[in-house]
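Data first, discussion second: the structure below is written as structure tokens.
The values are calculated or read from the model by the stated rules, or taken from the named source; none is laboratory data. Everything quoted here is computed from the prediction, not taken from an experiment. We place every Cβ from the backbone using ideal geometry, glycine too, and count neighbours over all the protein chains shown.
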Amino acid sequence: MARLRDMGRATAVVSVADVSSWDREADVVVVGFGSAGACTAIEAREAGAEVIVLERASGGGGTSANSTGELYLGGGTPVQKDCGFEDDAEEMYKYLMAASGPNPDEAKIRLCVDSNVEHFHWLVDHGVRFKHSYYGDGSYIPTDDCLAWSGSELNRRFAAIAKPAPRGHTAQREGIEAGSELMRSLCEATERSGAEILTDCRVETLVQDRDRRVLGVVARIDGEDRRIRARGGVVLCAGGFINNDEMVAHHAPWLRRCKMRLAVDGDDGRGIRMGLGAGGEAIRMDTACIVLPFTVPKKHIQGLMVNLKGQRFINEDAYQTEVGAAALRAQDGQVLLVVDDEIYERPFPPVEFAGVGDTIEELERELEMPEGALQHTVAYYNEHAARGEDPIHGKTAEFLKPLTKPPFAALDYRVEHSLWGAFTMGGLHTSVDGEVLTADGDAIPGLYAAGRTTSGLAAQGYSSGLSLTDCTFFGRRAGRAAAGQAAR
């Protein structure tokens with residue numbers, strides 16, 4: 001049997017004709033034990049299925065454990081209500097359809113939004129705690145508070161489409177990161193469910209019959225191949241592919257320039273490649289969450305994000321992931337943030353000055369920009385900001401402030417010089433029940449997937465928390481669907 005290769009090609013399947021016997025079997029076999037795998041296993045067990053979870057690391061958690069622990073939840077959750085915010089499913093739907101483009105997955109967004117409050121209660125029932133408190137803005141909350149604005153809802157463009165509401169729900173923590181606390185709760189719930197969990201176990205490939213049905217997996221355990229049969233289905237929850245250099249180079253080479261990979265070692269595309277080998281289709285493989293961390297302190301949103309020619313290219317109050325995508329894809333990651341002495345504070349993460357000047361003209365010369373370019377940009381912006389207007393990019397009035405108090409500075413947010421982060425969002429094409437689909441839209445019998453192994457709720461325009469919501473909600477759907485096949 002050929003070993004899985006660390007490259008961007010599909011992984012060849014093993015024919016069931018070559019499997020003389022099975023070493024183990026269960027109704028549902030889950031590959032990966034992050035948030036998607038945990039919720040898949042819990043839901044499958046609650047549907048009455050026998051479940052085996054296979055995890056390559058020495059314990060559960062995955063990238064979810066390293067995350068900020070924030071889920072994008074709305075439609076009128078108890079936390080939203082207790083914090084004095086009104087929200088409903090329709091407004092959440094309109095926002096996500098507008099923000100998660102191009103070509104958002106309407107069926108997944110509709111289903112998730114309509115079930116969002118139920119999903120909140122499901123998480124709570126399985127041990128995830130949310131403090132009924134409001135923090136404010138931010139994809140990262142340094143306190144144990146819960147509710148925050150974690151997207152572009154307040155941005156003028158989106159506020160005209162959907163009534164804004166904060167929907168970032170961060171799991172409550174006590175002395176550890178919220179992502180670790182979230183996964184502690186979900187791992188404990190998985191153990192309580194009765195699912196069997198095998199760690200230090202690397203799944204190598206899928207087993208498939210002549211009719212293309214996936215019957216199980218081949219896993220490397222204690223140095224030997226073990227063939228594990230899945231009576232209902234295999235669910236791939238093995239993460240994304242940001243740590244596979246060849247896949248990134250092929251699908252999204254610009255991501256290689258981001259210094260921080262928001263991932264664990266297991267995000268090497270293995271699950272995606274296994275799905276491709278079984279006949280599945282991968283979609284949106286060029287999409288990613290690209291974080292340009294310039295919004296701490298919040299006053300810096302009043303600055304001007306410009307390219308090296310001194311031109312603005314986006315409204316600075318767009319969410320940091322939207323700014324990051326525009327900066328990396330359209331501006332080659334060569335961007336600076338212009339501030340004056342009144343709004344400048346020490347940034348987090350730290351970043352160096354690209355230039356400082358007592359006048360904008362001086363700053364422009366130090367930055368070696370075309371003569372007059374930055375001067376024109378700042379003068380035009382100041383003139384209209386003084387009237388509460390931004391006719392070109394439409395920045396919200398709250399963040400419109402003329403830059404007039406010297407000295408002036410340009411913070412160096414060029415991708416090579418600052419701490420950009422990224423993780424992939426493309427993956428296997430799946431139905432709302434997690435069925436892996438072919439290029440013709442047909443479901444591959446016995447094969448399901450969830451989490452970052454799939455293309456889920458968001459494409460570009462990422463709002464923080466969408467990935468964990470996608471993992472947990474559609475993990476549940478995949479688990480129940482696979483369990484249903486075993487019961488037939």
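Which ones in segment 165-184 are within 19 Å of VAL264 (Cβ to Cβ) and surrounded by fewer than 19 Cβ atoms within 10 Å (Cβ to Cβ)?
ILE176, GLU177, SER180, ARG184
Looking at segment 24-54 only, could you name the residues that are part of a helix (DSSP H, G or I), out of contact with any strand residue (DSSP E or B) (no Cβ under 6 Å at 6 or more places or on another chain) and surrounded by fewer than 24 Cβ atoms within 10 Å (Cβ to Cβ)?
GLU46
Yes or no: segment 118-134 includes at least one residue that is farther than 25 Å from GLU181 by Cβ, acidic (Asp, Glu) and without any contact (Cβ under 8 Å) to a residue 40 or more places away in the chain.
No; the residues of segment 118-134 include none that is farther than 25 Å from GLU181 by Cβ, acidic (Asp, Glu) and without any contact (Cβ under 8 Å) to a residue 40 or more places away in the chain.
Starting from residues that are assigned to a loop (DSSP other than H, G, I, E, B) and within 12 Å of the chain's Cα centre (by Cα), keep the ones in segment 67-82 and report whichever is surrounded by the most Cβ atoms within 10 Å (Cβ to Cβ).
In this case the residue turns out to be SER67.
Taking the stated definitions as given, is ARG452 among the charged types (D, E, K, R) and surrounded by fewer than 24 Cβ atoms within 10 Å (Cβ to Cβ)?
Criteria not met by ARG452.
Please give the helices (runs of 4 or more DSSP H) falling wholly within segment 313-405 in which 2 or more residues are modelled with pLDDT under 95 and touching a Cys at 6+ places or on another chain (Cβ under 9 Å).
Those helices (runs of 4 or more DSSP H) span 320-330.
Does ARG476 qualify as being touching a Cys at 6+ places or on another chain (Cβ under 9 Å) and either closer than 26 Å to CYS289 by Cβ or at pLDDT below 95 (or both)?
Yes.
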